[in-house]
Amino acid sequence: MDQPLIDVSNVSKTYSRGKMDVPVLQELNIQIEEGDFIALMGPSGSGKTTLLNLIGGLDKPSAGSVTIGGQRIDQLSQGELAKWRSKNVGFVFQFYNLLPVLTALKNVELPLLLTGFSRSERKKRALAALAVVGLADRAGHRPRELSGGQEQRVAIARALVSDPSLLVCDEPTGDLDRATADEILDLLQVLNREYGKTILMVTHDPKAADHASHCVYLDKGQLIQESPK
Amino acid sequence: MRYFGLIWAALYRKPVRSFLTLASLFVAFLLFGLLQSVSVAFSEGPDLDGVDRLIIAPKYSIIDQLPLNYSRQILQVKGVEVLSHQTWFGGTFRNGRSFFPRFPIQPETFMDIYPELVLPQDQRQAFINTRTGVIIGRSLAQKFNLKVGDKLPLTATIWENKDKGPWEFDLVGIYDIPGEEVSDAQLFINYNYFDEYRLRGTGLVGKFIVRIDNPDRAAEVALEIDTLFANSSNETKTSTEKAYNQMFANQVGDIGFIMTSILSAVFFTILLLTGNTMAQGIRERIPELAILKTLGFSNVSVLLIVMSESILMVLIGCVPGLFAASAILPGLAVSVSFLAGVEMSAFVFAQGMVLAVLLGLIVGTPPALRALRLNIVDALGEHQ
Ligand SMILES: Nc1ncnc2c1ncn2[C@@H]1O[C@H](COP(=O)(O)OP(=O)(O)O)[C@@H](O)[C@H]1O
Ligand SMILES: [Mg+2]
């Protein structure tokens, strides 16, 4: 492949906490090919979430460049970045993914409110996404009527619904028991293999390695190992 | 609006809290509708103030009455040229959908004292000759689409008639008040018929009006009249029309001031209460708003969503409150006869709506700004 989907080049990120500067990432480089399923691992506080946020366009680097699909997203304005995210990335977090007052269907529909789709088209697409994660029959349920695993599936459906090429997941199984976690990992694997989604997943779960195509280790803001499977 | 479902759903987040907030908004706007309607109704009316006219009113209260037979003695006072009188009728018209003053008067003398009322000669004569005749101002005739010859029924609120049924009048004239910026929104009834047919209070009038030959002697004449009835059971207070209007306006002003004070207190409380509810609501929803932004909702859309929630919340309390006020007013008027016919106008309704939107904007601004400024990474980081 001539150009990777994700090209993070010489990226540094420093947070300022009051007067103190907290350097988190230093001159980090990573390239991710389209269709990869990357498990990003490392000790707590090593900067995994920070890197994920930079690649997902939630935050901007202090130095270096982040190029995704040929576009320098570190140079976009906040508004442009928001638009870019809505078209190109799906997000799944550990907690607080869903709006508790909305049904599963309405939660999945949220990203489509930003598109030009009609009401019925939005509903159709949201139902299709729920079907992909196996929850078509729970469309009318609210988050508190769902199990933790089901909630994560709804979140995944929402990440899929606008058909982005990239999914970023921050510890999506961190709060789940073993069996449920495996189901989620299986689902992500299906999305990777059969739907061609490029997935970048932060995880502490050693078994995640079985599902991912690569594992990347981050420690103290440096990539210490990149292990092809 | 695409986000309506999202905005609407926010009300269900904490149903009990939403209900309590809505209930207090409901009460606040109910009060607003009632008090404001009364206030507006009493600040209307003509303000003719001829320097040669004196008003002889009951000394202690504008709702007391005076005996009609005072007129003989008053007419004997030197300087008094013509005497007429008027009485507050109250009543409701067409199920009480509109408030305007109605007065039984003595047609001939009243029209003599008030040359400002202009109506064609034949109508003037018809008013004098027709026992059941009434005349109204042009603005009312247009508003209610009335023409000379129409029947005009009024429901009694103060003065029941001997049949304890509706009063039925014949519209015999429509008057103008040209060249003056005073309201012509009044109805005048032939006193003789009114007095004969009413069940109680025969021989009483609300106040006398006299024209004097020399305005410079107004104070003297007034004193002489009041002296006539000093120590009687119906003492009088005579003043120039201007002074009388001023006094009346002051009383109305006092009513207005009291109502404004009450309403201010109510709305200040509501402001704090609703503001607190909104602030609390937004704190709980920081992660949700961060998720919306993550999904690509712009800062401005998130601001608008929060702002719309606030305005929607206030409106949901406001509209039923105003409707309740307009439903209650007629009933209130029955038990407090002085309020007879006071009703909620479209103007008061509109005022209420504007107030609601303003309240929503004020209450919604702090949380909306907080939502606008919310940084995704910080918000998710704090909770992750
Ligand atoms: N918004 C922020 N402001 C200041 N410091 C932060 C912020 N986010 C993360 N950090 C700090 O950066 C470091 C890396 O955080 P993070 O990327 O969340 O690590 P990980 O996800 O690997 O646990 C930590 O020391 C954390 O305290
Ligand atoms: Mg993290």
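Per-residue answers, yes or no, for (1) polar (S, T, N, Q); (2) at pLDDT 90 or above:
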residue	(1), (2)
B:236	yes, yes
B:282	no, no
B:289	no, yes
B:297	no, yes
*Of all residues making up segment B:280-311, the number that are more than 8 Å from chain A (Cβ to nearest Cβ) and among the basic types (Lys, Arg)*: 2
_Per-region count, segment A:166-216, residues among the aromatic types (Phe, Trp, Tyr) and either in contact with a Cys (Cβ under 9 Å, 6 or more places away or on another chain) or not in a loop (DSSP other than H, G, I, E, B) (or both)_ = 0
*Residue among A:77, A:16, A:62 that alone is over 20 Å from the mean Cα position of the chain (by Cα), near ligand 1 (Cβ under 10 Å from one of its atoms), among the small types (Gly, Ala, Ser) and closer than 18 Å to residue B:376 by Cα*: A:16
*Can you find a residue in segment B:171-178 that is surrounded by fewer than 19 Cβ atoms within 10 Å (Cβ to Cβ), among the small types (Gly, Ala, Ser) and either in contact (Cβ under 8 Å) with a residue 24 or more places away in the chain or not in a loop (DSSP other than H, G, I, E, B) (or both)?*
no
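Residue-by-condition table, conditions (1) buried (at least 22 other Cβ atoms within 10 Å of the Cβ); (2) within 14 Å of chain B (Cβ to nearest Cβ); (3) under 17 Å from the mean Cα position of the chain (by Cα):
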{"position": "A:148", "(1), (2), (3)": "no, no, no"}
{"position": "A:156", "(1), (2), (3)": "yes, yes, yes"}
{"position": "A:186", "(1), (2), (3)": "no, no, yes"}
{"position": "A:208", "(1), (2), (3)": "yes, no, yes"}
{"position": "A:213", "(1), (2), (3)": "no, no, yes"}
{"position": "A:221", "(1), (2), (3)": "no, no, no"}
*Looking for whichever is within 16 Å of ligand 2 (Cβ to nearest atom), crowded, with 23+ Cβ neighbours inside 10 Å and under 14 Å from the mean Cα position of the chain (by Cα) here; the options are A:202, A:161. Which one fits?*
A:202
*Conditions (1) crowded, with 23+ Cβ neighbours inside 10 Å; (2) at the interface with another protein chain (Cβ under 9 Å from one of its Cβ atoms); number of the one not met by residue A:95*: (1)
*Given the residues B:87, B:132, B:109, which is the only one that is surrounded by 21 or more Cβ atoms within 10 Å (Cβ to Cβ) and either closer than 28 Å to residue B:152 by Cβ or at pLDDT 90 or above (or both)?*
B:87
_Can you confirm whether residue B:272 is more than 19 Å from the chain's Cα centre (by Cα) and either within 14 Å of chain A (Cβ to nearest Cβ) or not hydrophobic (A, V, I, L, M, F, W, C) (or both)?_
no
*Could you please let me know if residue B:261 is without any contact (Cβ under 8 Å) to a residue 12 or more places away in the chain and closer than 18 Å to residue B:65 by Cβ?*
no
*Quickly run through segment A:24-67 and pick out the residues that are over 19 Å from residue A:204 (Cα atoms), away from ligand 2 (no atom under 16 Å from the Cβ), buried (at least 21 other Cβ atoms within 10 Å of the Cβ) and more than 14 Å from chain B (Cβ to nearest Cβ).*
A:32, A:66
_Of the residues A:51, A:99, A:110, A:58, only one is closer than 28 Å to residue B:305 by Cα and assigned to a helix (DSSP H, G or I); which?_
A:110
*Looking at segment A:26-40, is at least one residue near ligand 1 (Cβ under 10 Å from one of its atoms), on the phi < 0 side of the Ramachandran plot and touching a strand residue (DSSP E or B) at 6+ places or on another chain (Cβ under 6 Å)?*
yes
*Check A:70, A:47 and return the single one that is more than 18 Å from the chain's Cα centre (by Cα) and on the phi > 0 side of the Ramachandran plot.*
A:70
*Out of A:146, A:191, A:176, report the one residue that is away from ligand 1 (no atom under 16 Å from the Cβ) and in contact with a Lys or Arg (Cβ under 6 Å, 6 or more places away or on another chain).*
A:191
_Considering only segment A:100-110, I want to know if a residue exists there that is within 16 Å of ligand 2 (Cβ to nearest atom), more than 20 Å from residue A:163 (Cβ to Cβ) and either surrounded by 14 or more Cβ atoms within 10 Å (Cβ to Cβ) or at pLDDT below 95 (or both)._
no
*asked:* Here is a list: B:152, B:146. Which entry is part of a loop (DSSP other than H, G, I, E, B) and assigned by TED's automatic domain parsing to the domain that holds residue B:90?
replied: B:146
*If you go through segment B:219-227 one residue at a time, do you hit one that is touching a residue at least 24 places away in the same chain (Cβ under 8 Å), touching a helix residue (DSSP H, G or I) at 6+ places or on another chain (Cβ under 8 Å) and assigned to a helix (DSSP H, G or I)?*
yes
*Look through segment A:68-82, keep the residues that are of a type outside the set (D, E, K, R) and away from every other protein chain (no Cβ under 14 Å), and return whichever of them is nearest to ligand 2 (Cβ to nearest atom).*
A:68
_Hey, residue A:117 more than 9 Å from chain B (Cβ to nearest Cβ), of a type in the set (Phe, Trp, Tyr) and assigned to a loop (DSSP other than H, G, I, E, B) or not_ = yes
*Could you say which residue among B:349, B:267 is modelled with pLDDT under 90, away from ligand 1 (no atom under 16 Å from the Cβ) and more than 30 Å from residue A:164 (Cα to Cα)?*
B:267
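Yes/no matrix, rows are residues, columns are (1) of a type in the set (Ser, Thr, Tyr); (2) under 15 Å from residue A:132 (Cα atoms); (3) at pLDDT 95 or above:
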| position | (1), (2), (3) |
| --- | --- |
| A:197 | no, yes, yes |
| A:201 | no, no, yes |
| A:211 | no, no, no |
| A:226 | no, no, no |
*Could you look through segment A:1-14, keep only residues that are in contact with a helix residue (DSSP H, G or I) (Cβ under 8 Å, 6 or more places away or on another chain) and more than 22 Å from residue A:172 (Cβ to Cβ), and pick out the one that is nearest to ligand 2 (Cβ to nearest atom)?*
A:13
_Restricting to segment A:83-92, name every residue that is more than 9 Å from chain B (Cβ to nearest Cβ) and either among the hydroxyl-bearing types (Ser, Thr, Tyr) or assigned to a helix (DSSP H, G or I) (or both)._
A:88
*Of all residues in segment B:206-218, which are more than 34 Å from the chain's Cα centre (by Cα) and assigned to a helix (DSSP H, G or I)?*
B:216, B:217
_Residues being assigned to a helix (DSSP H, G or I) and in contact (Cβ under 8 Å) with a residue 24 or more places away in the chain - total across segment A:129-141_ = 4
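The values are calculated or read from the model by the stated rules, or taken from the named source; none is laboratory data. Just so it is clear, the model here is predicted, and its values are computed rather than measured. For neighbour counting, all protein chains shown are included, and Cβ atoms are generated from backbone atoms with ideal geometry for every residue, glycine included.
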